[in-house]
1. Do any residues in the range 91-114 that are without any contact (Cβ under 8 Å) to a residue 24 or more places away in the chain have Cβ atoms under 8 Å from those of residues that are open to solvent by 90 Å² or more (accessible area, probe 1.4 Å), where the two are at least six apart or on different chains, and which pairs are they?
2. Search the range 113-148 for residues being over 14 Å from the mean Cα position of the chain (by Cα) and farther than 15 Å from Gly83 by Cβ, and hand back the single one that is modelled with the lowest pLDDT.
3. Looking for something farther than 17 Å from Thr137 by Cα and touching a Phe, Trp or Tyr at 6+ places or on another chain (Cβ under 9 Å) - is there at least one such residue anywhere in the range 28-40?
4. Would you kindly identify the strands (runs of 3 or more DSSP E) lying entirely within the range 36-139 that contain at least 1 residues that are farther than 14 Å from Leu10 by Cβ?
Amino acid sequence: MLTIHTADELRVSWDADPLKDGAVAVEGDRVAGTGPLDVLLERFPGARVRRWPGVLGPALVHEGPLPEAPSPRERVHAVLKSGATAVLAEYADTPDLRAAASRNEVAVLPRTRETAIVDAGRADLAVFDADGACIATVCAGRLVHRRR
């Protein structure tokens, strides 16, 4: 099923100018399109729409050690709750952490990289409120964190 994620503002990269009422269409684990919400609704009739307050943009790369938690799964989940869907290999340094990252489709990268939302790219998204707190994280097209 195709899902359109929309927010008060969309940034296809964190350096890009914001698009008011922008949206990202996600099909499976890929971005099917970006743009104004009304354009995507016309392009993808019948899509499920998830509306978020705040700013929708590309998910982050977690650049330091994974947060402390009782288990590797919980350490990876803490990363997802921060709006990141990728970690650096040097910090996913045990078989248990790499397995937990893999099970959750968290990318393990050899080095940091710029993040952006691009057509046909992997659907890794994050929504942040005005204070910079993560409201929601989408990892490979799947909603993996939603703040209540």
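The values are calculated or read from the model by the stated rules, or taken from the named source; none is laboratory data. These figures come from a predicted structure and were not determined experimentally. Backbone-built Cβ (ideal geometry, glycine too); neighbour counts: all protein chains shown. Heads up: the accessible areas ignore ligands, DNA and RNA and are worked out on the full protein's heavy atoms, side chains in. Shrake-Rupley method; radii C 1.70, N 1.55, O 1.52, S 1.80 Å.
1. As it stands, the answer is Val108/Arg98, since those pairs meet every condition given.
2. Arg148
3. Yes, the range 28-40 has at least one match.
4. Values: elements: 48-58, 60-62, 84-88, 107-109, 125-128, 134-139.
It comes to 48-58, 60-62, 84-88, 107-109, 134-139.
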